[in-house]
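Novice: Take this structure, written in structure tokens, and hold onto it; I'll ask about it next.
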Amino acid sequence: MSATTIKIDSAVRDRLTAHARKRGVSTGSFVEELLEAWTREERFAAIRAAMSQTAPELAASYQEDLVALDHLASDGLHP
């Protein structure tokens, strides 16, 4: 991986560095963790938005399927 320089306010840099030190990682690694967390949250936000557009009867059917699968998971049988 090649390194690069980005321009950010020194106060932001200092905050990033402080949090990275608390976690015992480099500032670059901490920024990467933040980006991964943000990307994950964006993905789940998109899923929540799509699910909120699901027709009520389809959502109810999905919930019924989840209940049925949950019962199967607790039937005491081992794979």
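Novice: Let's test the formula: R0 of 35 Å, r as the Cβ-Cβ distance of A18 and A60. What FRET efficiency results, to the nearest 0.05? Write down the numbers at each step before the final one.
Specialist: On the way: r = 48 Å, r/R0 = 1.39.
The formula returns an efficiency of 0.10 here.
Novice: While we're on this one: Of [x] 1.21; [y] 1.29; [z] 1.87, which one was derived for Cα Rg over 2.2 N^0.38 Å from the structure shown?
Specialist: For Cα Rg over 2.2 N^0.38 Å, the calculated option is [z].
Every number here is computed from the coordinates shown, using simple stated rules; none is lab data. Owing to the predicted nature of the structure, the values given are computational and were not obtained by experimental measurement. Please note: Cβ atoms are built from the backbone with ideal geometry, for glycine as well, and neighbour counts cover all protein chains shown.
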